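Since the structure comes first, as structure tokens, the remarks are kept for the end.
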Amino acid sequence: MAGSLNKVLLIGRLGADPDIKQMVNGKSVARLSLATSNTWKDKNTGEKKEKTEWHRVVIFNEGLVNVVQQYVKKGAQVYVEGQLTTRKWTDEKSGQDRYSTEVVLQGFNSTFKILSSKNNQMKSLEESPETKSSLPSDENIPSSDLDDEIPF
């Protein structure tokens with residue numbers, strides 16, 4: 001075998017707001033919980049089925065961490081490109097070794113793109129007559145929310 005490739009590409013929605021932590025070296029790290037779903041029709045019953053997979057995403061790239069912290073919230077649809085990494089850690093309660101598999105975005109081999117923000121989702125829902133009455137109008141949305149154009 002001449003070489004190997006460790007690359008993960010995911011498009012999904014955040015299940016929670018990003019978790020931003022300060023590391024010992026002073027740099028920030030972002031942790032995301034990303035859901036991807038697969039839907040199909042059951043051959044026997046004709047019933048629509050769906051399976052959701054949850055992925056742990058860890059971002060060490062300082063620039064991407066800043067973007068995530070400022071612009072990404074629960075429900076946002078994002079595209080991530082990184083490497084699959086499994087780390088070993090010891091459970092403090094049981095003393096047993098545990099393993100976590102994560103998609104790591106670090107260095108130049110990683111990509112993060114915001115495909116839709118929470119604000120964009122709200123705008124698409126507002127166009128639907130049945131949901132219009134249950135959503136706040138534009139004047140009730142705080143001005144700190146995202147504009148459609150993100151400056152980067």
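The values are calculated or read from the model by the stated rules, or taken from the named source; none is laboratory data. As the structure is a computational prediction, the values presented were derived from the model and not from experiment. Reconstructed Cβ throughout: ideal geometry from the backbone, glycine too, with neighbour counts over all protein chains shown.
Looking at region 22-31, can you tell me whether even one residue there is assigned by TED's automatic domain parsing to the domain that holds VAL80 and touching a Ser or Thr at 6+ places or on another chain (Cβ under 9 Å)?
For region 22-31, residues assigned by TED's automatic domain parsing to the domain that holds VAL80 and touching a Ser or Thr at 6+ places or on another chain (Cβ under 9 Å): present.
Inside region 30-51, can you point out the residues that are without any contact (Cβ under 8 Å) to a residue 12 or more places away in the chain and small (Gly, Ala, Ser)?
GLY46
Specify which of the listed residues (GLN69, GLN77) is of a type in the set (S, T, N, Q), modelled with pLDDT of 90 or more, surrounded by 15 or more Cβ atoms within 10 Å (Cβ to Cβ) and assigned by TED's automatic domain parsing to the domain that holds LEU32.
Result: GLN77 is the single residue among GLN69, GLN77 that is of a type in the set (S, T, N, Q), modelled with pLDDT of 90 or more, surrounded by 15 or more Cβ atoms within 10 Å (Cβ to Cβ) and assigned by TED's automatic domain parsing to the domain that holds LEU32.
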